[in-house]
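Worksheet: one structure, shown below.
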2 protein chains.
Amino acid sequence: MKPDESRTVYDGKLVDVVVERWGEQEREIVEHPGAVAIVAVDEEEKAVLVRQLREPARKELLEIPAGTIDAGEEPLATAQRELAEETGLRGGRWQHAASFWTTPGFCRELMHVFFAEGVEEGERSPEDDEEIELVRVPVAEIADRLGELEDAKTLAGLLLYLRSRGL
Amino acid sequence: MKPDESRTVYDGKLVDVVVERWGEQEREIVEHPGAVAIVAVDEEEKAVLVRQLREPARKELLEIPAGTIDAGEEPLATAQRELAEETGLRGGRWQHAASFWTTPGFCRELMHVFFAEGVEEGERSPEDDEEIELVRVPVAEIADRLGELEDAKTLAGLLLYLRSRGL
């Protein structure tokens, strides 16, 4: 399925906005290169989350590690790179858990979620503008802390993970 | 928490884009009025989902009913209005389930999810540009159909609902 016409109406740094014509409808769509997020669980059965200021929310949010796909990059490669950069975690057993649109009414961001179990500590190398606190939550305590989670990918990812473990 | 400066760089129909300065960082942020989504379950224990073309995804997606908050509207009122318009369902027992940011790295969309149980059939009044197919899924079968769901709010909302029911 493709639009009849498309024109760029905003050309930004991270996002662009296009207006597409689909038959008689015009749709305003935020373009995005796609993203990944990782439910990372270490050898001590702790999920590694990140807490950081999210300016769009105007508050700090507790999230699973995530990042934007670079041009031409495979989602799994992005996920392994972003997890290492943000948290230092490496290795482990990886599997694709789900891919979903974050907000498909107006935005072309497809999010790929991976589970990474048995990940090991390493050195972090966050980007200059990222101030990220690591928060380790025992897997057995996640279900009691769902109320703290205010991010869609984090809720979906952790709920899928709990279900995969029968928790 | 607030930015030091903000300027609008794109003024669209549904979304605007602003650039905010937070200290030394500039952030490009998609503004959005916020949204609601509803896990609606009828008296026959069927969840009522909607299937529609989502142009940003360039495919049809199966989702829980949802909509955008009008200026000044309470999220619960939006949810009850949108559910009635899209599906004809009315009444029932409502509760707030969760509120989360759909993609907080670059977008100011806060999504409020409600559970509505025991809803009853009524007349639909979808907007002109909405072609929406209703899909009723027995609650007991949702867990087997999670792989069909490619929308963040739908996964998060249904997984929270299953958990609330011990399913």
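Some observations on this one:
- Selection within segment A:76-110 - open to solvent by less than 10 Å² (accessible area, probe 1.4 Å), touching a Phe, Trp or Tyr at 6+ places or on another chain (Cβ under 8 Å) and among the small types (G, A, S): A:A79
- Screening A:E26, A:E20, A:E44 for residues that are assigned to a strand (DSSP E or B) and open to solvent by 70 Å² or more (accessible area, probe 1.4 Å) leaves exactly one candidate, A:E26.
Table: residues versus (1) touching a residue at least 24 places away in the same chain (Cβ under 8 Å); (2) touching a helix residue (DSSP H, G or I) at 6+ places or on another chain (Cβ under 7 Å).
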site	(1), (2)
A:I69	yes, yes
A:E86	yes, no
A:T102	yes, yes
A:G105	no, no
A:M111	yes, yes
A:L158	yes, yes
A:G166	no, no
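- Single residue of segment A:47-67 satisfying the filter (more than 8 Å from every other protein chain (Cβ to nearest Cβ) and touching a helix residue (DSSP H, G or I) at 6+ places or on another chain (Cβ under 7 Å)) that is farthest from A:A140 (Cα to Cα): A:G67
- When A:E141, A:E121, A:E117, A:E133 are checked against the criterion of being more than 12 Å from chain B (Cβ to nearest Cβ) and without any contact (Cβ under 8 Å) to a residue 60 or more places away in the chain, A:E141 stands alone in meeting it.
- Across segment B:29-41, the qualifying residues are those that are more than 19 Å from B:F114 (Cβ to Cβ) and among the hydrophobic types (A, V, I, L, M, F, W, C), and the one among them that is surrounded by the most Cβ atoms within 10 Å (Cβ to Cβ) is B:V30.
- Counted residues, segment A:47-70 - those being out of contact with any strand residue (DSSP E or B) (no Cβ under 7 Å at 6 or more places or on another chain) and either closer than 15 Å to A:H112 by Cα or buried (at least 23 other Cβ atoms within 10 Å of the Cβ) (or both): 1
- Criterion applied to B:A57, B:A37 was being in contact (Cβ under 8 Å) with a residue 60 or more places away in the chain and under 13 Å from the mean Cα position of the chain (by Cα), and the one residue passing it is B:A37.
- Helices (runs of 4 or more DSSP H) fully within segment A:62-167 counting 3 or more residues that are under 14 Å from the mean Cα position of the chain (by Cα): A:75-87, A:152-164
- Residue within segment B:149-163 that is surrounded by 17 or more Cβ atoms within 10 Å (Cβ to Cβ), of a type in the set (S, T, Y), more than 14 Å from B:A35 (Cα to Cα) and at pLDDT 95 or above present: yes
The values are calculated or read from the model by the stated rules, or taken from the named source; none is laboratory data. Just so it is clear, the model here is predicted, and its values are computed rather than measured. Heads up, the Cβs are rebuilt from the backbone with ideal geometry, glycines too, and the neighbour counts pull from every protein chain shown. Areas reflect the complete protein model, heavy atoms only, side chains present, ligands, DNA and RNA absent. Shrake-Rupley method; radii C 1.70, N 1.55, O 1.52, S 1.80 Å.
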